[in-house]
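Working notes for the structure below.
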């Protein structure tokens, strides 16, 4: 699958060809997770409306929920002002985090809310 | 300023010693911006409660709003499950984006909301 050249030209990738992707839950506004994409992962996400990322450790694409069933339906995708991060507004099925929590930010508070 | 070793030990940095930071507005839930931090930037953020990041292009620290006045008061900081991204819950003064928009994701829609 190839990415629309008009979009590809606006992306700023790191040395590994990647940019960050933030998934936010549509209903709650919760930031669910941060992962990585390359052009192909973004093209697949835009085409299929399923959150599709690139795993740096496994060096392969992964569709969120493909094994867990915790899929992401992608409602909206936005690129930030400097082109190195995308925001996905999603409907998350079940837990977004592989640890079983709702978001990947639930477990480790570095600075508690005032 | 040095980062609490108990926190530093949980971070997973990239080859440049950096990890991503997502700033989310407390009142609205809006994802405002994504930037980079290293240990020092995180230590300063935790200590001062002002959003402090590391600029890859300028190779220096920057305090959000230091020149624009559009400061971020940091209410809460959370680390994600794999230790390579932090979520800052902030009160944003004025526009979060240097282009003048409320968030850095306002201008460029790659996939419109359904």
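Values quoted throughout were computed directly from the atomic coordinates according to the rules given, and no laboratory measurement underlies them. It should be emphasised that the depicted structure is a prediction, and the values quoted were computed from it without experimental measurement. Virtual Cβ from ideal backbone geometry, glycine too; neighbours counted across all protein chains shown.
Descriptive notes on the structure:
- Scan of the stretch A:57-114 for residues that are away from chain B (no Cβ under 14 Å), under 18 Å from residue B:80 (Cβ atoms) and part of a strand (DSSP E or B), ordered by number: A:92
- Listed by first and then second residue, the pairs linking a residue in the stretch B:13-36 that is within 8 Å of chain A (Cβ to nearest Cβ) to a residue that is surrounded by fewer than 20 Cβ atoms within 10 Å (Cβ to Cβ) and not in a strand (DSSP E or B), with Cβ atoms under 6 Å apart and 6 or more places separating them unless they lie on different chains, are B:29/A:29.
- Meets criteria (at the interface with another protein chain (Cβ under 10 Å from one of its Cβ atoms) and surrounded by fewer than 19 Cβ atoms within 10 Å (Cβ to Cβ)) for residue B:48: no
- Which numbered condition residue A:60 misses (of (1) in contact with a helix residue (DSSP H, G or I) (Cβ under 7 Å, 6 or more places away or on another chain); (2) closer than 23 Å to residue B:20 by Cα; (3) surrounded by fewer than 13 Cβ atoms within 10 Å (Cβ to Cβ)): (1)
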